[in-house]
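Undergrad: Just passing along the structure, written as structure tokens.
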Amino acid sequence: AETPKQMSASAPLLPNVQGGGGGNGHPSPLALKRVELPKASPDQTDEFVTWYRQRELTERSVQFCGRWDMLSPSPESRRQAPLKVDLASKAQTLGWTRVRPNAVWIEQARALALQRAQISAEPPSPGSRDRAIIERLRLLERLQEEGVQPGLSALISVLQWKCGTLEAAFVCLGGTATPDGLTLLRFVGGLALLGVDAQALCGFDEREAMLRLDVDQDGRLNRQDLMSGAYASELATPLAGSGAPSRWGFWLAVGRYVALSAWYCTPAVLRRRGRPGQHIDDDEVDDPGALPSPARRRGVVLRADRPGESEAMAKQHRLDVLRQHWDPQEDDLKASEQVVFAEFSEQATAHQFGERLLSRADLLRLLGPFPLLGFADDPAATQRITQTHVCELYDEVLDLQAERAPLPGGRGPLTKGLTFASLRLLLLKVFVAARLHYRHLADDALDSLTGSPGPKI
């Protein structure tokens, strides 16, 4: 005899006159069918409506998702009972594709939306920062709509959307500055100035992205490497296995911090304009006409860089062909600044007037052994950035710090070490000495920080 199926406590037995399993294959009027009735009394209308809606939802889920093996199963058996519809086999035989949205882009969009709401609540709300968040939300929406998965494909897609083509993206990253291709720090700074967050798009940092894009494995990212990146396969095992991860993370943060500091320390009226009176042969573009104008690409007119600056005045200055494409994010600057400041706080041992300062020995310990790890792929830079030269730059910045106005409360100048603000000035000088100036944007920032008049416009 067959073992009767178990019933839930809320499923009483009622006679079913239409179906059954009588003898000789004829339906029996005494056949029973399990019918679930509410436990609530007829007077409890709200409870009955709640039960009915739940019952309708269950029936619809059974209709679209398949029926379980038992009617009204217990929670334990429900977790064990499989659906009759085998989606995995149908996906293999019929070639179904997943249409579920990518959770990575959705989570990032939610975080940005929350961040934008917090910024809007802060008085005053900076308009440029809000526009930058909106721009990233649009990129995430486009990645979601086109079904781009996180990885190198997402990075390549964003570079194409921002610059028009991968060739133009290579130029905007600073690829024409050196004939051998992009070094790691130049690649890191170029992405930061374009407003591209490699970690968010790929799931790994810029060093891992560069190692995967470097097809010929020469330690540089040339034009062909970037063009081939659109067809590169995603690897499950990371390639960046050499070197201390913490030190590489620090130097990547330094690269972003210096590039973004150069942008935000430069007066707004000079950020997108060339540096008059100074040759930039090492950064000249072979064919400026090949780069799409940001105004034409975005469908907007040339706007002033700061409130009160007229468009007519903005058009009088010579615009830099590459700086026009840069669109950095202030939040990226704050994130990289936190990493560098944490390292500064850990290494700084000197104190004066209650201020934590970075001595010369602290600086050498912070930068690490020479040749510096960040410039290891640039032999020309390692020849220029020696320990002796860095110490000379340290003394130069310390003298500038001592010449500043006394601290509040009648305290004298700080002479026992560098503050964090002075460390930023020193890093800018180190990058300029290594000829990693991002089309002389770092030179403009140094003129602004040191009070130098700079070239006349």
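Undergrad: When the Karplus curve 6.51 cos²θ - 1.76 cosθ + 1.60 is applied with θ = phi - 60°, which whole-Hz ³J(HN,Hα) does each residue of the stretch 332-349 get, with x for Gly and Pro?
TA: Rounded to whole hertz, the list is 5, 5, 5, 5, 5, 5, 5, 5, 5, 5, 4, 5, 4, 5, 6, 8, 6, 10.
Undergrad: Mind listing the long-range amide H neighbours of L418? Cut-off is under 5 Å, sequence gap 5 or more, other chains count too, H placed in the peptide plane at 1.01 Å from N.
TA: For L418, the qualifying residues are L358, S359.
Undergrad: Taking the Cα centre of the stretch 103-222 as the origin and placing charges on Cβ (Lys, Arg +1; Asp, Glu -1), which of Q144, A117, F187 is farthest toward the positive end of the dipole?
TA: A117
Undergrad: Right, another one. Rank these by accessible area, largest first, 1.4 Å probe: K334, K416, K429. Please report the intermediate quantities before stating the final value.
TA: Working: K334 80, K416 125, K429 35 Å².
Descending accessible area places them as K416, K334, K429.
Undergrad: Same structure, new question: Starting with the highest mean, order 351-362, 370-381 by the number of other Cβ atoms within 10 Å, averaged over the residues of each peptide.
TA: The most tightly packed comes first, giving 370-381, 351-362.
Undergrad: What's the ranking of 165-174, 134-143, 255-264 by average number of surrounding C-beta atoms within 10 Å, highest first? Walk me through the numbers before you get to the answer.
TA: Numbers: 165-174: 21.3, 134-143: 17.1, 255-264: 25.3.
Descending mean neighbour count gives 255-264, 165-174, 134-143.
The values are calculated or read from the model by the stated rules, or taken from the named source; none is laboratory data. In this text, all values refer to a predicted model and were calculated from it rather than measured experimentally. When we count neighbours, we look across all protein chains shown, and the Cβ atoms used for this are built from the backbone with ideal geometry, even at glycine. The protein model used for the area step is the full one, side chains on, heavy atoms only, and it has no ligands, DNA or RNA in it. Shrake-Rupley method; radii C 1.70, N 1.55, O 1.52, S 1.80 Å.
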